[in-house]
Amino acid sequence: MNRIYFDNAATTPLDKEVLDAMLPYLTTHFGNPSSIYSYGRETRLAIETARKTVAKLLNAHPGEIFFTSGGTESNNTAIASAVRDLGCKHIISSPIEHHAVLHTVEHYGSDDVTYSYVKLLSDGHVDLEDLEEQLASHEDRCLVTLMHANNEIGNLLDINAVGNLCKKYNAIFHSDCVQTVGHYPIDLRKTPVHFISGSGHKFHGPKGSGILYVNDNIKIHPFILGGGQERNMRAGTENLYGIVGFARALEIAMKDYEKDSAYIQSLKTYIIDALRKNMKCVSFNGDAEGKSLYTVVSASFPKTEKSEMILFNLDINHICASGGSACTSGADQGSHVIRAINNNPNLVTVRFSFSKYNTKEEIDTVVEKLKELV
Ligand code: PLP
């Protein structure tokens, strides 16, 4: 059975070269990085080398990179720290963030901390005028948490414009970059941001590996208490092979960026053209052909008795796609993102997301199948 995997925004397969880099740290190089003898010294060196690699690729200082368990932990930490340590009394976010941000904002935005959402333009982009008005209307310090790229519709944020507004109003800026770290060159020395989150499994690295970038100019307190790991900030024996895998995956992603991004963009253009040609009823969500991730296409079709079962039927036909984020795959309870940008109960939505391992032939097969299923 040949399966077609078009859900790379949910997760990606591990690259063979990444596995090769990790394997010694699952077998022979097993020392606890905190141990002082040779086993420990060799694994400590692997972690610090990984940190330097990641920092260099993102143009940050090694001291600004903290290894975490993934995007969710990084988002939680950034938001919690901004409220607890940096004096943020109001949080500005958007209704189309990942739940790892939305639920955290709701959690911390209670009692003496408030929160609000920016307005969205009709194509799903953040209304920067509204953001500025909201920043100007708060005397207390704000935290702005806005994602760099939306995982469901692909819209890309002008992270520099948002960062500059935050600077103007002395706000703290966190960006969930889970869909862009490893997919775009990011130069943190030139990007006005205090925190970014990244996740290894979105670019052919291991699951359960991530980073939180914390700009040197801000000082936050430890986020997990215990031992002195991660320079006293995140206690617990390090996810050694995950960290090694994260760094190797990022290295490969950045080395091959030009080639891979052009190829994946060509797949995106190809499926949009093929769907338009073959299915007149299709519409695309967000700014699909404008400022948008090259990996993601969100397509909607009229809701009928048949099309309502589309994800289920794609699955039966060995095609893996989702209705939105990973949590809504399969049993589609409707996506908060799609609801926020196009509140149309008469449509069903499918997200296709691609990697370097997909082909145009797979797209042809999927489009043929969709003609039967819609
Ligand atoms: N943020 C975004 C935009 C995501 O797409 C995801 C993963 O689906 C996450 C955060 C959570 O990342 P992780 O799975 O590494 O916890």
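The values are calculated or read from the model by the stated rules, or taken from the named source; none is laboratory data. As the structure is a computational prediction, the values presented were derived from the model and not from experiment. So basically every Cβ, Gly included, is an ideal-geometry build from the backbone, and we count neighbours across all protein chains shown. Calculation scope for accessible area: heavy atoms of the full protein, side chains included, ligands and nucleic acids excluded. Shrake-Rupley method; radii C 1.70, N 1.55, O 1.52, S 1.80 Å.
Evaluate the relative contact order of the stretch 17-125 (contact order divided by residue number), counting alpha-carbon pairs under 8 angstrom at least 6 apart; express in whole percent. It would help to have the intermediate numbers written out before the result.
Working: 94 pairs, mean separation 16.9, N = 109.
Averaging sequence separation for qualifying contacts and normalising by length gives 15 percent for the stretch 17-125.
Using a probe radius of 1.4 angstrom, the carbon and sulfur fraction of the accessible surface of the chain is 52%.
Of all DSSP bridge pairs formed entirely within the stretch 76-163, close to 20 percent run antiparallel. The antiparallel fraction among DSSP beta bridges confined to the chain stands at about 55%.
Amide H contacts for VAL144 (H built 1.01 Å from N in the peptide plane; partners 5 or more residues away or on another chain; cut-off under 5 Å): ILE92, ILE172, PHE173, HIS174. Pull up all non-local amide H partners of GLN229: gap of 5 or more, or a different chain, and H-to-H distance under 5 Å with H placed in the peptide plane. Correct list: GLY236.
When the chain is treated as a Gaussian network with alpha carbon springs shorter than 10 Å, the biggest mean-square fluctuation among GLY63, GLY227, GLY163 belongs to GLY227.
Couplings 3J(HN,Hα) of the stretch 143-157, computed from phi: 9, 9, 10, 9, 6, 5, 9, 7, 6, 9, 10, x, 3, 9, 8 Hz, in residue order, whole Hz [Karplus 6.51 cos²θ - 1.76 cosθ + 1.60, θ = phi - 60°; x for Gly and Pro].
Hey, how many Å between the Cα centroid of the stretch 80-145 and the Cα centroid of the stretch 222-237? One Cα centre to the other: 28 Å. 3J(HN,Hα) along the stretch 308-314, derived from phi through the Karplus expression 6.51 cos²θ - 1.76 cosθ + 1.60 where θ = phi - 60°, amounts to 4, 9, 4, 5, 4, 5, 4 Hz, with x in place of Gly and Pro.
Taken as entire DSSP H runs, the helices of the chain that both span 18 Å or more between Cα atoms along their own long axis and average -1.0 or more on the Kyte-Doolittle scale are 38-58, 71-85, 240-255, 257-278, 360-373. By the compact-protein rule of thumb, 2.2 N^0.38 Å, the alpha-carbon radius of gyration of the stretch 235-306 corresponds to a ratio of 1.64. For ASP7, the amide hydrogen comes within under 5 Å of the amide hydrogens of SER353, counting only partners 5 or more places away or on other chains and with H modelled in the peptide plane. Applying 1/(1 + (r/R0)^6) with R0 = 45 Å to the Cβ-Cβ distance of ASN346 and ASN217 gives a FRET efficiency near 0.35. Dividing the mean sequence gap of close Cα pairs (under 8 Å, 6+ apart) by how many residues the stretch 142-275 holds gives a relative contact order of 19 percent.
Ranking of SER283, SER353, SER38 by solvent-accessible surface, largest first: SER38, SER283, SER353 (1.4 Å probe, protein heavy atoms only, all chains present). Taking N as the residue count of the stretch 163-290, its C-alpha radius of gyration divided by 2.2 N^0.38 Å amounts to 1.35.
Here the contact order of the chain, divided by its residue count and restricted to Cα pairs under 8 Å and six or more residues apart, works out to 23 percent.
Given the C-alpha atoms of the chain, compute the convex hull and give its volume per residue in Å³.
Details: hull volume 50.8 nm³, N = 374.
Here the figure is 136 Å³ per residue.
Springs between Cα atoms under 10 Å define the GNM used for the chain, and in it the highest mean-square fluctuation of THR77, THR349, THR27 occurs at THR27. Here the extension length gained between LYS52 and LYS167 equals 38.6 nm, from 0.36 nm per residue of separation less the Cα-Cα distance.
Considering only protein heavy atoms, what per residue accessible area in square angstrom results for the chain with a 1.4 angstrom probe?
Numbers: 16330 Å² over 374 residues.
Accessible area per residue, the chain: 44 Å².
For the chain, modelled as a GNM whose springs connect Cα atoms under 10 angstrom apart, the maximal fluctuation among GLU42, GLU133, GLU289 occurs at GLU133.
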